[in-house]
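Inspection log for the structure reproduced underneath, given as C-alpha cells.
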Amino acid sequence: MKVLLVNPGPTGTYGTAMPLGLGYLASYLISKGHSVKVLDLEVEDYRIEEDIDYIGITILTSTYPLAIKTIKRLRQDYPNAKIIVGGPHISSLPIETLTENPEIDLGVYGEAEITLSEIADEKPNVEILGLVWRDGTEIKINLPRPLIKNLDELPFPARHLFPMDKYKIHPPYSSDKFTNIITSRGCVYNCSYCSKSIFGRTYRAFSPEKVIQEIQEVIRDYGIKTIHFYDDDFTLNMKRAERICDLMIKENIKVRWSCTTRPDLVTKELLVKMKKAGCYMIAFGVESGNNEILSRIDKGYTIEQVKQCFKWTKEVGIKTIAFFMLGLPRETEETINQSVKLSKEIRADYVSWSITKIFPATPIKQIFESNPKVKFTSASMSEVVGADREENKYILFAQENFTKEQLEQKLKEINRQFYLTPRNIIRNLLGVRNFKDLLNRAKLGLKILFG
Ligand code: B12
Ligand code: SF4
C-alpha cells in the first residue's frame with residue numbers, strides 16, 4: 001500500500017526537529033513492504049502526492065485545531081484515501097476525536113508501529129488491537145495494543161524521507177548541524193501534569209549498542225555534529241546511560257550532545273562520564289522552589305536534591321537549563337518568590353518558565369478541582385505553540401490565586417529579572433559561536449523578554 005505520513009504545521013514553535021514518531025512508523029511500514037512518503041508541514045509547503053491509499057496524521061493536543069484544518073484539506077484533495085490519525089491527542093481522547101471529525105476514517109491509540117502496518121496490510125478492523133474505527137454510525141474502540149517488548153527489533157527512523165536540512169534546534173542549544181534521537185520509551189514517574197497516553201508508566205530502552213549504531217549512522221549519512229536526546233529522562237537507567245557514554249568514548253565518537261533528565265537521576269560520577277562522552281548541556285525539570293508543591297504534583301524529588309544536582313553539573317562543566325512552572329496547584333506570591341529564589345541560587349545557565357497548562361487525561365485537573373474556587377479557561381493556540389489565536393478547548397488554564405493575565409505578567413517580569421543582569425548578558429555574549437547563533441539568540445531574547 002502507498003502511505004503518506006503528515007506532520008501538521010507550521011505551528012510557530014521556536015526551533016524544529018524531525019518528528020521521530022512518524023520516522024519510526026515510516027521505517028516499520030517500509031520493512032513490511034509498503035511504500036511511504038512524508039509531508040512535514042512544520043518545515044515544508046503543502047503539496048499533493050500521487051496514488052495514495054492511506055494518509056496518516058500525527059496530532060498533539062496543542063496541534064489539534066491546526067491538524068483538523070489540514071485533515072479537511074487532505075479530505076478534499078484525496079477523496080479516496082483513508083485518513084488515519086495517531087499520536088498523544090487521540091490516545092488521550094480516542095472516541096471524542098472520531099466523533100468530532102467525520103473526515104477521519106480510523107484512529108490509532110498508543111504505540112502504533114504494528115497497528116499501522118496491520119491497517120496497511122488490510123487486516124479486518126475488528127481484529128486490529130489499538131484501533132478506533134467506524135462500524136456504520138457507531139464508533140468502536142478495540143482493546144489496547146501491548147507494548148513492543150524488544151525495541152531493538154525496530155528499524156531506525158526513516159530519516160532519508162524527511163527534509164533533514166530544514167530542521168533547526170533553538171538556542172541555547174548548539175547551532176551546529178543537529179538531529180534528535182530517542183533512546184528509550186516511557187517513564188516510570190507520575191508527575192501530575194504529564195500526559196502518559198502513549199507509552200504509559202512502563203520504561204523500555206534500546207540497547208546501548210543499538211544507540212551507538214544510530215549515532216554513527218546520523219554522523220555518517222547526515223554529517224551531524226550535535227545531537228539532542230529526546231528521551232523523557234535520558235538517565236532513568238543510570239547504568240545504561242553510563243554504558244552509552246563508555247561506548248561513545250571507546251568508539252571515539254566526535255559529537256556534542258544534550259539531553260533532558262530529572263535532578264534525582266544523576267550522580268557526580270555519571271556526570272563526569274557524560275561530559276567526557278561529549279555532553280555539553282542538560283535540561284532538568286525543576287518546576288517549583290516549594291517542597292509542598294513538588295510533593296502535591298507528585299514530582300518525587302526535593303529542593304535539596306535539585307541544589308545538589310545543579311552544583312555537581314556546574315562542577316563538571318556541563319551547562320544547565322532549568323524548567324520552572326508558574327501557576328501550579330496552591331501557588332501563591334510566596335511560592336513564586338521561592339521558585340525565583342531557587343532559580344537564582346542553583347545558578348542555571350538558562351531558565352525556562354512556563355505557565356501550567358492542563359492536558360487531557362492528566363491528574364493535575366483533579367488536584368485543582370479539590371479547591372472549589374478554581375476556575376478553568378481554555379487556551380488559545382498562540383499560548384501553546386505560537387501559531388494563531390485559535391481557541392483550543394482541550395488545553396485548560398486553572399485560575400486559582402492568579403488570573404492567566406497576572407501569571408503572564410509575572411512570567412515577563414521574572415524573565416527580565418533573570419536575563420537582564422550584567423552576568424547573564426555577558427555570559428550569553430561569551431556563549432555566541434557564530435553570526436547565525438548571534439541572530440538566533442537575539443530573536444529568542446526578544447521573544448522571552450517581550451512575549
Ligand atoms: C520531543 C518532544 C517535543 C519537541 C517536538 C519536536 C519534534 N518534532 O519531535 C518539542 C520540544 C518542540 C515539544 C514541544 C511541545 N510538547 Co512535546 N514532547 C516531546 C517528547 C518528549 C518526545 C516526542 C517523541 O519524539 N516521541 C517518540 C515517538 C516515537 O513517539 P510518538 O511521537 O508519540 O509516536 C508514536 C505514537 O504516538 C504513534 N503516532 C504518532 N503519530 C502518529 C500518526 C499516526 C497516523 C499513527 C497511526 C500513529 C502515530 O506512533 C508512534 C510510534 O509508536 C514527548 C514525550 C514522549 N516521550 O513522547 C513530548 C510530548 C509529545 N509533548 C507534549 C507537550 C505538551 C508539548 C508542548 C505543548 C509543550 C508546551 N509548550 O507547553 C509543546 C507543543 C509543540 C507543538 N508543536 O505543538 C506532550 C503532549 C501531550 C498531548 N496530549 O498532546 C508530550 C506527550 C509530553 C508529556 N508527557 O506530557 N515536544
Ligand atoms: S519525569 Fe518527566 S516524563 Fe516522567 S512523569 Fe515526570 S514529567 Fe512526565
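I need the full set of residues from the range 194-211 which are touching a strand residue (DSSP E or B) at 6+ places or on another chain (Cβ under 8 Å) and either away from ligand 1 (no atom under 13 Å from the Cβ) or free of Cβ contacts under 8 Å to residues at least 24 places away in the same chain (or both), in order please.
V211
Among the residues of the range 16-38, are any modelled with pLDDT under 95 and either more than 9 Å from ligand 1 (Cβ to nearest atom) or in contact with a helix residue (DSSP H, G or I) (Cβ under 8 Å, 6 or more places away or on another chain) (or both)? Write out each step before concluding.
Within the range 16-38, the first condition is being modelled with pLDDT under 95, and the residues that meet it are 16.
Then keep just the ones that are either more than 9 Å from ligand 1 (Cβ to nearest atom) or in contact with a helix residue (DSSP H, G or I) (Cβ under 8 Å, 6 or more places away or on another chain) (or both); that gives 16.
Yes, some residue in the range 16-38 is modelled with pLDDT under 95 and either more than 9 Å from ligand 1 (Cβ to nearest atom) or in contact with a helix residue (DSSP H, G or I) (Cβ under 8 Å, 6 or more places away or on another chain) (or both).
In the range 318-341, which residues are at negative phi, touching a helix residue (DSSP H, G or I) at 6+ places or on another chain (Cβ under 6 Å) and part of a loop (DSSP other than H, G, I, E, B)?
Within the range 318-341, I318, L328, P329 qualify.
What number of residues within the range 216-240 are open to solvent by 10 Å² or more (accessible area, probe 1.4 Å), touching an Asp or Glu at 6+ places or on another chain (Cβ under 8 Å) and closer than 27 Å to D349 by Cβ?
Going through the range 216-240 one residue at a time, the tally reaches 1.
Assuming S378 fulfils every condition listed in (1) surrounded by fewer than 15 Cβ atoms within 10 Å (Cβ to Cβ); (2) within 24 Å of the chain's Cα centre (by Cα); (3) in a helix (DSSP H, G or I) apart from one, which condition is it?
Condition not satisfied by S378: (3).
Scan L60, L98 and give me the residue that is within 16 Å of ligand 2 (Cβ to nearest atom) and either within 26 Å of the chain's Cα centre (by Cα) or surrounded by 17 or more Cβ atoms within 10 Å (Cβ to Cβ) (or both).
L60
Of all residues being part of a loop (DSSP other than H, G, I, E, B), within 16 Å of ligand 1 (Cβ to nearest atom) and of a type in the set (A, V, I, L, M, F, W, C) in the range 218-267, which is farthest from R159 (Cα to Cα)? Just the residue, please.
Once the filter is applied, the top-ranked residue is L236.
When only residues in the range 174-193 that are more than 12 Å from ligand 1 (Cβ to nearest atom) and hydroxyl-bearing (S, T, Y) count, which is least open to solvent (accessible area, probe 1.4 Å)?
S174
For the range 151-173, check the following and say yes or no: at least one residue is open to solvent by less than 30 Å² (accessible area, probe 1.4 Å) and among the basic types (K, R).
The answer is yes, given that some residue of the range 151-173 is open to solvent by less than 30 Å² (accessible area, probe 1.4 Å) and among the basic types (K, R).
If you go through the range 85-92 one residue at a time, do you hit one that is of a type in the set (A, V, I, L, M), open to solvent by less than 20 Å² (accessible area, probe 1.4 Å) and more than 10 Å from ligand 1 (Cβ to nearest atom)?
No, every residue in the range 85-92 fails to be of a type in the set (A, V, I, L, M), open to solvent by less than 20 Å² (accessible area, probe 1.4 Å) and more than 10 Å from ligand 1 (Cβ to nearest atom).
Do you know which of the residues in the range 119-129 that are touching a Leu at 6+ places or on another chain (Cβ under 8 Å) and not β-branched (V, I, T) is nearest to ligand 1 (Cβ to nearest atom)?
Result: A120.
Checking the conditions here, which among R243, R256 is away from ligand 2 (no atom under 16 Å from the Cβ), touching a Ser or Thr at 6+ places or on another chain (Cβ under 6 Å), at negative phi and open to solvent by 20 Å² or more (accessible area, probe 1.4 Å)?
R256
Of the residues T313, T335, T320, only one is within 27 Å of I367 (Cα to Cα) and more than 16 Å from ligand 1 (Cβ to nearest atom); which?
Numbers: T313 fails: within 27 Å of I367 (Cα to Cα); T320 fails: within 27 Å of I367 (Cα to Cα).
T335 is the lone residue from the list that is within 27 Å of I367 (Cα to Cα) and more than 16 Å from ligand 1 (Cβ to nearest atom).
Of all residues in the range 247-275, which are in contact (Cβ under 8 Å) with a residue 40 or more places away in the chain and of a type in the set (D, E, K, R)?
Listed by number, the residues that qualify are R256, R262, D264, K268, K275.
Here are some conditions: (1) assigned to a helix (DSSP H, G or I); (2) touching a Leu at 6+ places or on another chain (Cβ under 9 Å); (3) open to solvent by 40 Å² or more (accessible area, probe 1.4 Å). Q213 meets all but one. Which one does it not meet?
(2)
The values are calculated or read from the model by the stated rules, or taken from the named source; none is laboratory data. As the structure is a prediction and not an experimental result, all values here were calculated from the model. No Cβ is skipped: glycine too gets one built from the backbone with ideal geometry, and neighbour counts run over all protein chains shown. Surface areas here come from the heavy atoms of the whole protein model, side chains and all, with no ligands, DNA or RNA. Shrake-Rupley method; radii C 1.70, N 1.55, O 1.52, S 1.80 Å.
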